[in-house]
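K.L.:
I have a structure I would like to understand better, so I am pasting it below and will then ask my questions one at a time.
The values are calculated or read from the model by the stated rules, or taken from the named source; none is laboratory data. Source: prediction; values computed, not measured. Note: ideal-geometry Cβ built from the backbone for every residue, glycine included; neighbour counts use all protein chains shown. Accessible surface areas use protein heavy atoms only, side chains included; no ligands, DNA or RNA. Shrake-Rupley method; radii C 1.70, N 1.55, O 1.52, S 1.80 Å.
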Amino acid sequence: MSASKIERLVKMVNQISLNMSSNGPADFVAMQVSEHLEKFWSPPMKNLISEHIADQNIGLSPISLKAVIELAAIQKAK
Amino acid sequence: MLEFYEPQPDFGTPQSDSETLVTLTIDGISVTVPEGTSVMRAASEGGVKIPRLCATDSLKSFGSCRICLVEIEGRRGFPASCTTTVTEGMEVRTQSSEIGKLRRNVMELYISDHPLDCLTCPTNGDCELQDTAGEVGLRAVRYGFEGENHLVAEKDESNPYFTFDPSKCILCSRCVRACEEVQGTFALTIDGRGFDSKVSAGQAESFMESECVSCGACVDACPTATLTEKSIIELGKPEHSVVTTCAYCGVGCSFKAEMKGNEVVRMTPYKDGKANEGHACVKGRFAFGYTTHKDRITKPMIRESIDDPWREVSWDEAVSYTAERFKAIQAKYGRISIGAISSSRCTNEEVYLVQKMVRTGFGNNNIDTCARVCHSPTGFGLKTTLGESAGTQTFASVEKADVVIVMGANPTEAHPVFASRLKRRLREGAKLIVIDPRQIELVRSPHIVADYHLPVRPGTNVTVLNALAHVIVNEGLQAHDYIAERCETADFEKWVQFIADERHSPEHTEQFSGVPAADLRAAARLYATGGNGAIFYGLGVTEHSQGSTAVMGIANLAMLTGNLGRDGVGVNPLRGQNNVQGSCDMGSFPHELPGYRHVSNVATRQLFEREWGVTLDSEPGLRIPNMFDAAIDGDFKGLYCQGEDIAQSDPNTHHVEAALKAIECLVVQDIFLNETAKFAHVFLPGATFLEKDGTFTNAERRISRVRKTMPPLSGKADWEGTMALANALGCNMHYNHPSEIMDEIAKLTPTFSGVSYKKLDELGSIQWPCNDHTPAGTPIMHVDEFVRGKGFFAITEYVPTEERANRKFPLLLTTGRILSQYNVGAQTRRTSNSQWHAEDTLEIHPHDAEERGINHGDWVGIQSRVGQTVLHADVTSRVKPGVVYTTFHHPVSGANVITTDNSDWATNCPEYKVTAVQISKVTAPSSWQARQKSFDTQQLQLLEKARH
């Protein structure tokens, strides 16, 4: 996986989180972000970002990280 | 709807919309018409034609020609029937010996200064003057041509599409009035007095030099051969006509394609077309010549690599070749390594088939459409707040609007026929608020001055929308009862807390938006309290990193003021291309099936699986930008692109070109070898709208028929090409006519369940939803409740774009369109429309130009963070200091070399409208432009090898 590929996805998730940040408490926003990713992202994008939840250095904001953890759980449950 | 050629019916004066009826007798015939109807129109409706010259039903009655005189029982003299309105019990006589004598005398005077060259006149057989002379029984002219006359008056042939021959003018003023009343440009006048009176364009200029916008309204209105299409002069009178729908912008004008055999002689705006009601613009009316342009490619072509010459092949070979390469790619790289992009220029049936082929033949959901790069935020924003991804009104609804907001749209350039309606309403007194970085024409044009122009800094729309809502809430101007009855209460209360915060006040947001707080407050009060408020918006709203947020902000404003669910109000996205609404409706996005139903919905999937006989993927596919990224990453290797020129129209050209070069099999289906096709391995020849049957859905959700006027030049309409490819991939598609595709759409899509070609023929057009509940369609949406039930006030926090001006890139570039050109210009550049706009230029404010030593017409380099291009400078105060502007109609301009791949957070719609740039004076084209020229030359040479 190229660095730029994951960087792109991180940028996208952070942008979504930032735009939803005033929608409510952090947990609520994280849930909305994960729902958005689940609804609109293709499986390779979801899988790639989910694979990186343990990586502290990829630059996910706190809400984005929460959202991606939730997304990973959804992916795993499928 | 093939018809022998007949001029469209003309009732003489406009219809009255009164609900009170009046009964009178005309020549003994009892006629009942609405109060306010003219005697002339009542007679027409009763089947009695009164001769006339200065009257036509698209214009208010004028009463100048004195031909339409009648007798009315109990009244003295001979009143003009066009200016006399009906009264109850009125008894009218249209024929008598005295009337006949008067009419002949008047007619004789007209003809005494009119050339008697009827047999060689271009409108012979289609001339109201000729007809009227016959109707009044004129047999001789006593006055001769010896005296002073106008017979040698010089023609004005400056306009590429029509000729002005003043020797044939009868000074009825229909052209002048059409320019004023129908088009709203006021380019024509009657100059001089008495015998010297003449029709004059502009300040006694030629038509081409004047402010004439070449809409053709004057030509339509002219009762003689004074204003005549050059195509009629060259080819003669048409012999049959076909009613069809324009393939340019999202207004969706209805036209009669007037034909001689398979040749279009003229396109005339169709009076019964609900979107345009007999009006047109320079594109739809005149710019159809591209259909038979020499650049058309009509044979399929293939090649191994983009450095190889093209080889012309049969449809069978091209389709088999494509199918084999796609299958091989999937075998090697996986099922999701291929995809397709469909086009809003194609019909509903065609885009439906493309997405069906992807989902059933490719076995994935990698289908996206060009609406991704224009109105995808509209889909997201309106679905979230109101429950349906569509505009809420009819265009005619604007006639009931009291306050109109035009935001991020430039209707006089991009949606000109709607703009004429809007201007008419504004002249009647409706108020106007323009929210746009530029001083668009509507801000100040003849007889129109915007009440407020809020010159928002590019990228800060959301602050303006939030501030408008803030003022309305904090001053208690909201529609309390409407909100209580129709919107989600808890969400509204949460939103009120958000929007009432001081950070959304106009005084605070002014620092971001540059919009003076006092103007913004006044505009908010006007919208909230001025009566029916209608919002019209365009790509200046959607093509931002917060495009979806802005759309939700607009919906919030409309709900807040109770301006949804009736005539005269609403939220109206002005769609850029002809079938943006339709392509979205037809399931062209990677996450949803036709009718905006998510692919993860099991019941929906099962419905389609039963019909299509396959198992469908439950996961979203790739969006267009994802496809480009995946191609560069090596994961995406095959693309079928129908009717869309992504190499020119999509942002960050370097990135797009890199993606296209990385694709192993790029299939382009188009009418020309467009910029994308220069990177292609398979070219499938496309068909224009004149060569196929189908439907388009305009910005009003109006489904209108597209009817074939000539056989497809390549032998296949686009839907047939797609069907052939799908079958080669193993699908089982067998349609004999697009009507069968529409039947399938109706079967599978609840909002279309009542739509059929038969009903479209009966009703003319249908606004969806059309089903058992609304069998004739739905002109106004959300009447009693919102589609989602209760309206949802979305939180719309302002998040500044990352694309910011700084010392290195101090100016903000925004982009748009011009009237004469359309989108990437593939069609209009191949017509005489290029006489108005031969190149894209850079608009720059005099202050910014002076600081850089730039004069009007200089070559200027435009450098952004991602690229550079060079254009000529247009120094103008249409843009404010700090903002520059260009159009993107010419490939060589490279407008998208400088736009970035920033995009809307929710939909990835590109942020075309904000690019930080520096401008400097230069002496040569950019390195990209030099490369583009060289690549273009090489590709055209490779094309020539296929043709010879």
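K.L.:
Out of A:S2, A:S42, A:S22, report the one residue that is at pLDDT below 95 and facing chain B (nearest Cβ under 9 Å).
P.N.:
Details: A:S42 fails: at pLDDT below 95; A:S22 fails: at pLDDT below 95.
Residue meeting the stated conditions: A:S2.
K.L.:
Inspect all residues belonging to region B:400-412 and state whether any of them is hydroxyl-bearing (S, T, Y), more than 14 Å from chain A (Cβ to nearest Cβ), farther than 30 Å from B:G530 by Cβ and open to solvent by 10 Å² or more (accessible area, probe 1.4 Å).
P.N.:
Looking only at region B:400-412, we keep the residues that are hydroxyl-bearing (S, T, Y), and these are B:412.
Next, from what is left, pick out any that are more than 14 Å from chain A (Cβ to nearest Cβ): B:412.
From what is left, the residues that are farther than 30 Å from B:G530 by Cβ are none.
Taking every residue of region B:400-412 in turn, none turns out to be hydroxyl-bearing (S, T, Y), more than 14 Å from chain A (Cβ to nearest Cβ), farther than 30 Å from B:G530 by Cβ and open to solvent by 10 Å² or more (accessible area, probe 1.4 Å).
K.L.:
Oh, and also: Does region B:306-315 include one or more residues that are in contact (Cβ under 8 Å) with a residue 12 or more places away in the chain, open to solvent by less than 10 Å² (accessible area, probe 1.4 Å) and either within 14 Å of chain A (Cβ to nearest Cβ) or among the β-branched types (V, I, T) (or both)?
P.N.:
Within region B:306-315, not a single residue is in contact (Cβ under 8 Å) with a residue 12 or more places away in the chain, open to solvent by less than 10 Å² (accessible area, probe 1.4 Å) and either within 14 Å of chain A (Cβ to nearest Cβ) or among the β-branched types (V, I, T) (or both).
K.L.:
Note down all Cβ pairs under 6 Å where the first residue falls in region B:276-293 and is under 24 Å from B:E399 (Cβ atoms) and open to solvent by 10 Å² or more (accessible area, probe 1.4 Å), the second is of a type in the set (K, R) and modelled with pLDDT of 95 or more, and they're at least six residues apart or on different chains.
P.N.:
Close Cβ pairs (under 6 Å, with a partner that is of a type in the set (K, R) and modelled with pLDDT of 95 or more) amount to B:G278/B:K271.
K.L.:
Could you tell me which residue of region B:869-921 is nearest to B:E413 (Cα to Cα), considering only residues that are within 14 Å of chain A (Cβ to nearest Cβ) and of a type in the set (D, E, K, R)? Walk me through it before giving the result.
P.N.:
We begin by selecting, within region B:869-921, every residue within 14 Å of chain A (Cβ to nearest Cβ); these are B:900-911.
Keeping just the survivors that are of a type in the set (D, E, K, R) gives B:901, B:904, B:911.
Numbers: B:D901: 26, B:D904: 25, B:E911: 21 Å.
Here the residue is B:E911.
K.L.:
Follow-up question, since we're still on this one. Applying the selection to region B:527-547, what residues are among the polar types (S, T, N, Q) and more than 20 Å from the chain's Cα centre (by Cα)? Please lay out each step first, then the result.
P.N.:
Of the residues in region B:527-547, the ones among the polar types (S, T, N, Q) are B:529, B:532, B:542, B:545-546.
If the condition is that a residue be among the polar types (S, T, N, Q) and more than 20 Å from the chain's Cα centre (by Cα), then B:T529, B:N532, B:S545, B:Q546 are the ones that fit.
K.L.:
Which of the helices (runs of 4 or more DSSP H) found entirely inside region B:334-415 contain at least 1 residues meeting this: under 23 Å from the mean Cα position of the chain (by Cα) and more than 27 Å from B:A687 (Cβ to Cβ)?
P.N.:
By residue number, B:376-385, B:411-414.
K.L.:
Between a first residue in region B:642-663 that is in contact (Cβ under 8 Å) with a residue 12 or more places away in the chain and a second residue that is open to solvent by 10 Å² or more (accessible area, probe 1.4 Å) and among the β-branched types (V, I, T), which pairs have beta carbons less than 7 Å apart while being 6 or more apart in sequence or on different chains?
P.N.:
From region B:642-663, the pairs are B:S649/B:V373; B:D650/B:V373; B:N652/B:V866; B:H654/B:V866; B:A658/B:I632; B:A659/B:I632; B:A662/B:I632.
K.L.:
Out of B:V599, B:V569, B:V551, which single residue is away from chain A (no Cβ under 14 Å), aliphatic (A, V, I, L, M) and in contact (Cβ under 8 Å) with a residue 40 or more places away in the chain? Outline the logic, then answer.
P.N.:
Numbers: B:V599 fails: away from chain A (no Cβ under 14 Å); B:V551 fails: away from chain A (no Cβ under 14 Å).
That would be B:V569, the only listed residue that is away from chain A (no Cβ under 14 Å), aliphatic (A, V, I, L, M) and in contact (Cβ under 8 Å) with a residue 40 or more places away in the chain.
K.L.:
With (1) part of a loop (DSSP other than H, G, I, E, B); (2) out of contact with any Cys (no Cβ under 8 Å at 6 or more places or on another chain) as the list, and B:G134 as the residue in question, which single condition is left unmet?
P.N.:
All conditions are met except number (1).
K.L.:
May I ask you to say which residue of B:R93, B:R103, B:R75 is out of contact with any helix residue (DSSP H, G or I) (no Cβ under 6 Å at 6 or more places or on another chain) and open to solvent by less than 40 Å² (accessible area, probe 1.4 Å)? Spell out the reasoning first.
P.N.:
Working: B:R93 fails: open to solvent by less than 40 Å² (accessible area, probe 1.4 Å); B:R75 fails: open to solvent by less than 40 Å² (accessible area, probe 1.4 Å).
The match here is B:R103.
K.L.:
Looking at B:A323, is it open to solvent by less than 10 Å² (accessible area, probe 1.4 Å), among the small types (G, A, S) and in contact with a Cys (Cβ under 8 Å, 6 or more places away or on another chain)?
P.N.:
no
K.L.:
Mind listing just one residue for me: the one in region A:6-19 that is crowded, with 17+ Cβ neighbours inside 10 Å and not polar (S, T, N, Q) and, of those, farthest from the other protein chains (Cβ to nearest Cβ)? Walk me through how you get there before you give the answer.
P.N.:
Keep residues of region A:6-19 that are crowded, with 17+ Cβ neighbours inside 10 Å, which gives A:6, A:8-10, A:12-19.
In the following step, the residues that additionally are not polar (S, T, N, Q) were identified as A:6, A:8-10, A:12-13, A:16, A:18.
Details: A:I6: 11, A:R8: 6, A:L9: 9, A:V10: 13, A:M12: 8, A:V13: 10, A:I16: 5, A:L18: 5 Å.
Among those that are crowded, with 17+ Cβ neighbours inside 10 Å and not polar (S, T, N, Q), it is A:V10.
K.L.:
Of the residues in region B:471-491, how many are of a type outside the set (S, T, N, Q), in a helix (DSSP H, G or I) and away from chain A (no Cβ under 14 Å)?
P.N.:
The total comes to 10.
So that you can scan it fast, the table gives a plain yes or no per residue for (1) touching a strand residue (DSSP E or B) at 6+ places or on another chain (Cβ under 7 Å); (2) modelled with pLDDT of 95 or more; (3) open to solvent by less than 10 Å² (accessible area, probe 1.4 Å):
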position: B:A528; (1), (2), (3): no, yes, no
position: B:F536; (1), (2), (3): yes, yes, yes
position: B:M559; (1), (2), (3): yes, yes, yes
position: B:G562; (1), (2), (3): no, yes, yes
position: B:G570; (1), (2), (3): yes, yes, yes
position: B:G582; (1), (2), (3): yes, yes, yes
position: B:S600; (1), (2), (3): no, yes, no
position: B:A603; (1), (2), (3): no, yes, no
position: B:W612; (1), (2), (3): no, yes, no
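K.L.:
Please go through region B:679-714 and give me each residue that is open to solvent by less than 10 Å² (accessible area, probe 1.4 Å) and basic (K, R), ordered by number.
P.N.:
B:K692, B:R701
K.L.:
Just name the residue that is surrounded by the fewest Cβ atoms within 10 Å (Cβ to Cβ) out of those in region B:182-211 that are of a type in the set (F, W, Y) and part of a loop (DSSP other than H, G, I, E, B). Steps first, please.
P.N.:
Filtering region B:182-211 down to residues of a type in the set (F, W, Y) leaves B:186, B:195, B:207.
Add one more test, that the residue is part of a loop (DSSP other than H, G, I, E, B), and what stays is B:186, B:207.
Numbers: B:F186: 15, B:F207: 23.
Ranking the qualifying residues of region B:182-211, first place goes to B:F186.
K.L.:
Keeping to region A:18-31, report how many residues are small (G, A, S) and within 14 Å of B:Q546 (Cβ to Cβ).
P.N.:
As a first pass, look at region A:18-31 and keep what is small (G, A, S): A:21-22, A:24, A:26, A:30.
Still in the list and also within 14 Å of B:Q546 (Cβ to Cβ): A:21-22.
The qualifying residues number 2.
K.L.:
Further question on the same structure: Can you tell me which residues in region B:785-826 are in a strand (DSSP E or B), under 21 Å from B:G861 (Cβ atoms) and among the small types (G, A, S)? If you could, list the steps in order and put the result at the bottom.
P.N.:
Kept after step one, since they are in a strand (DSSP E or B), are these residues of region B:785-826: B:786, B:789, B:791, B:811-816.
Keeping just the survivors that are under 21 Å from B:G861 (Cβ atoms) gives B:811-816.
Of everything in region B:785-826, just one residue is in a strand (DSSP E or B), under 21 Å from B:G861 (Cβ atoms) and among the small types (G, A, S), namely B:G816.
K.L.:
Select from region B:762-773 the residues that are under 26 Å from B:I483 (Cβ atoms) and either out of contact with any helix residue (DSSP H, G or I) (no Cβ under 9 Å at 6 or more places or on another chain) or modelled with pLDDT under 95 (or both) and list them in ascending order. Don't jump to the end; show me each part of the working.
P.N.:
Initial filter on region B:762-773 (under 26 Å from B:I483 (Cβ atoms)): B:769, B:773.
Selection gives B:H773 alone.
K.L.:
Considering only region B:709-736, how many residues are assigned to a loop (DSSP other than H, G, I, E, B) and either within 27 Å of B:F326 (Cβ to Cβ) or outside the structural domain of B:P309 (by TED's automatic domain parsing) (or both)? Spell out the reasoning first.
P.N.:
Of all residues in region B:709-736, those assigned to a loop (DSSP other than H, G, I, E, B) come to B:709-717, B:729-736.
Imposing the further condition that a residue be either within 27 Å of B:F326 (Cβ to Cβ) or outside the structural domain of B:P309 (by TED's automatic domain parsing) (or both) reduces the set to B:712-717, B:729-736.
So the answer is 14.
K.L.:
Among the residues of region B:799-834, which ones are more than 17 Å from the chain's Cα centre (by Cα) and of a type in the set (A, V, I, L, M, F, W, C)?
P.N.:
B:V799, B:A805, B:F809, B:L811, B:L812, B:L813
K.L.:
Right, here's the next one. Is it the case that B:T751 is closer than 26 Å to B:A558 by Cα and crowded, with 21+ Cβ neighbours inside 10 Å?
P.N.:
Numbers: closer than 26 Å to B:A558 by Cα: yes; crowded, with 21+ Cβ neighbours inside 10 Å: yes.
For B:T751, the condition - closer than 26 Å to B:A558 by Cα and crowded, with 21+ Cβ neighbours inside 10 Å - is met.
Per-residue answers, yes or no, for (1) in contact with an Asp or Glu (Cβ under 7 Å, 6 or more places away or on another chain); (2) of a type outside the set (S, T, Y):
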{"position": "B:I818", "(1), (2)": "yes, yes"}
{"position": "B:T828", "(1), (2)": "no, no"}
{"position": "B:E843", "(1), (2)": "yes, yes"}
{"position": "B:H847", "(1), (2)": "no, yes"}
{"position": "B:E851", "(1), (2)": "no, yes"}
{"position": "B:G857", "(1), (2)": "no, yes"}
{"position": "B:S864", "(1), (2)": "no, no"}
{"position": "B:G867", "(1), (2)": "no, yes"}
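K.L.:
Can you name every one of the helices (runs of 4 or more DSSP H) wholly within region B:622-708 that holds 1 or more residues which are under 21 Å from B:D295 (Cα atoms) and either more than 14 Å from chain A (Cβ to nearest Cβ) or among the hydroxyl-bearing types (S, T, Y) (or both)?
P.N.:
Details: elements: B:624-633, B:646-649, B:653-662.
Correct list: B:646-649.
K.L.:
Moving on. What pairs can you find where one residue is in region B:754-765 and under 19 Å from B:E744 (Cα atoms), the other is open to solvent by 40 Å² or more (accessible area, probe 1.4 Å), and their Cβ atoms are less than 7 Å apart, with a gap of 6+ or different chains?
P.N.:
Close Cβ pairs satisfying both conditions: B:G754/B:D772; B:G754/B:P775; B:S756/B:D743; B:D761/B:M1; B:S765/B:K274.
K.L.:
Any chance region B:710-728 includes a residue that's under 27 Å from the mean Cα position of the chain (by Cα) and over 20 Å from B:S314 (Cα atoms)?
P.N.:
yes
K.L.:
Here is a check on your reading of the model: is B:P377 surrounded by fewer than 24 Cβ atoms within 10 Å (Cβ to Cβ) and either within 14 Å of chain A (Cβ to nearest Cβ) or closer than 30 Å to B:T676 by Cα (or both)? Reasoning before the result, please.
P.N.:
Numbers: surrounded by fewer than 24 Cβ atoms within 10 Å (Cβ to Cβ): no; either within 14 Å of chain A (Cβ to nearest Cβ) or closer than 30 Å to B:T676 by Cα (or both): yes.
No.
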